[in-house]
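See structure below.
The values are calculated or read from the model by the stated rules, or taken from the named source; none is laboratory data. A quick note: this is a predicted structure, and the numbers were derived from the prediction, not measured. For neighbour counting, all protein chains shown are included, and Cβ atoms are generated from backbone atoms with ideal geometry for every residue, glycine included. Remember, those area values only see protein heavy atoms, side chains included, never the ligands or the DNA or RNA. Shrake-Rupley method; radii C 1.70, N 1.55, O 1.52, S 1.80 Å.
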Amino acid sequence: MRAKKEAVVGGYVHIEIAGQMHRVYYETAGAGQPLLCLHTAGSDSRQYRELLNSEALTANHQVICFDMPYHGKSSPPAGWEKHEYRLTSDLYVQTILSFMDAMEIHNPIALGCSIGGRVVLHLALKHPERFKALIGLQSGAHVNPYYELDWLHRPDVNGGEVCAGIVSGLIGPNADSQDRWETLWHYMQGGPGIFKGDLHFYKSEGDLRGMVQKIDTGKCPLHLLTGEYDYSCTPEDSQDLARLIPGSHFEIMPGIGHFPMSEAPHAFMNHLLPVLQRIQSGQHK
């Protein structure tokens, strides 16, 4: 049996978010330009395992991932049992900026997928000066509801299995079986009602229709990468978004679904690395 030790380093940071203290877990690898990675709804930073271990990426970038409060190895705040978890735009943005401040992360490239792909649009609108560039995976200004959220948190339904079942169809048909099932495993381990609470932001409160036109890519470059096989945020959704934001860069990733970094990490890197090279060279369109 052969053993292999990864170069990924993990730890905890205590930060105040919306008046409450949180113990937030993070992982990092590499050195150079910070690349801050934001996970999807109901999952955690394990989705970025391959980016953290990519020598091609970490040679020039410090990859930084963290678990949102209530997700992965980040605990909920004290008294969580007394309230329903519901993610809002302000809370999401404050969480990201508070983590950056606590970790002394300056001028990062922020890369977010799904709800992370939506929140980078909020960051572009509200805090473009804090970022070197923004990369949205599966980014759209809104999403049309296509299933009933109450199924995600019911006493008569296994929460982990129903969450994984709902997202399973969003994975592209070319995904390796191991990558597919690891992506689903992360969803099976989510806390009760957390996926549902994240989708409050994604499906209603975080709707940016009528506002994305105000994004100024002269202040912060915006790159949009969307998988071909995604019916939550379709290529057409992202293409419509790109049309509304002058100067944004958009491309479709063939054969990939809603979770590029975890379902097809090697194929995804073929799209990500050229975008990072454009950002470093100042060629954003």
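Data overview
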item	result
Residues of the range 252-285 that turn out to be assigned to a strand (DSSP E or B) and open to solvent by less than 10 Å² (accessible area, probe 1.4 Å), as a count	1
Within the range 202-234, tally of residues that are in a helix (DSSP H, G or I) and at pLDDT 95 or above	3
Some residue of the range 205-221 being in contact with a Gly (Cβ under 8 Å, 6 or more places away or on another chain), open to solvent by 50 Å² or more (accessible area, probe 1.4 Å) and closer than 28 Å to Y70 by Cβ	no
Single unsatisfied condition, A164 versus (1) assigned to a helix (DSSP H, G or I); (2) open to solvent by 10 Å² or more (accessible area, probe 1.4 Å); (3) among the hydrophobic types (A, V, I, L, M, F, W, C)	(2)
Where P173 falls short, out of the listed (1) surrounded by fewer than 14 Cβ atoms within 10 Å (Cβ to Cβ); (2) touching a Phe, Trp or Tyr at 6+ places or on another chain (Cβ under 9 Å); (3) not in a loop (DSSP other than H, G, I, E, B)	(3)
Unique residue being farther than 30 Å from G159 by Cβ and in contact with a Gly (Cβ under 8 Å, 6 or more places away or on another chain) when the list is L244, L224, L272	L224
Test: residue in the range 133-156 that is of a type in the set (S, T, N, Q), within 15 Å of A41 (Cβ to Cβ) and either buried (at least 16 other Cβ atoms within 10 Å of the Cβ) or over 19 Å from the mean Cα position of the chain (by Cα) (or both)	yes
Where a residue in the range 57-70 is among the aromatic types (F, W, Y) and its partner, wherever it lies, is open to solvent by 10 Å² or more (accessible area, probe 1.4 Å) and outside any strand (DSSP E or B), with Cβ under 7 Å and at least six apart	Y70/P76; Y70/Y85; Y70/G191; Y70/I194
